[in-house]
Every structure is written in C-alpha cells, then in structure tokens.
Amino acid sequence: MLFFFVGTTFAVKAQKVYSVDQSYNADVKVFVVDQSYNADLLVYKVDQSYNAGDNDGNWFFVDQSYNADKKIFFVDQAYNADLKIYFVDQSYNAGWKNSSKKHLMY
C-alpha cells in the first residue's frame, strides 16, 4: 500500500504539454475562454521546462510530443472541450477553478 501511495505521488506531474494537430492524437481537448470566470483552469505559460508546475496551471509547451506529459488539442467550440482554460499574465494567478477536472492533467 505504501508503494502505491509513493508511486502515485510522483506520477502527478503533467504540465509539460504539446499541442497536436489532430484531435484523435490528443489526451485532452482544450478550449480557450475569453473570461477567467468561465475557465476550469487558469494557465500561465512558463518560459523554461524546469518552471513547469505539478498540475497547478504552470504549463511549458514542448517542441516534441515525446517530451510532453500531456498532448492537447485546441478546439474551436467549448462544447467539444474536455477542459476550458484561460491564459493569465502572472504565475501566481494560475490554478484550478474546477477541481473536478484535475484528473484530466494527471
């Protein structure tokens, strides 16, 4: 039981993302909303991979899919999305607004 807990604790990091060109290649379909109150997750784009968070909304976009923890596809309509995000200007503003969707980025 202890091994399971320790193993899942370290498997939580999923904030290095790669944007795919086709929805069928994605782990998560994402829609960018216009207002933060409509978002499930507030996202801040970090400039270095070591600044990527532990499922806290600090995302680093990688250049190769094999370096990503999650592959995402940006959809054009909110009803097609698994996750609605809003990009924020400061790292401290990033975070989950709808924690029931948190599992999507594990």
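The values are calculated or read from the model by the stated rules, or taken from the named source; none is laboratory data. Computed from a prediction, not measured in an experiment: that's the story for all the values here. Cβ: placed from backbone, ideal geometry, glycine included. Neighbour counts: every protein chain shown.
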Failed item in (1) over 21 Å from SER23 (Cβ atoms); (2) within 10 Å of the chain's Cα centre (by Cα), with SER49 passing the rest | (2)
Restricting attention to region 12-35, and to residues there that are assigned to a loop (DSSP other than H, G, I, E, B) and modelled with pLDDT of 95 or more, which single residue is nearest to the chain's Cα centre (by Cα)?
-> ASP27
With the first residue restricted to region 34-54 and required to be farther than 16 Å from LYS70 by Cβ, and the second required to be among the aliphatic types (A, V, I, L, M) and part of a strand (DSSP E or B), Cβ contacts under 7 Å at 6 or more apart or on different chains are SER36/LEU42; ALA39/ILE85
Is it true that some residue in region 67-80 is closer than 20 Å to TYR24 by Cβ and either touching a Leu at 6+ places or on another chain (Cβ under 7 Å) or hydroxyl-bearing (Ser, Thr, Tyr) (or both)?
-> yes
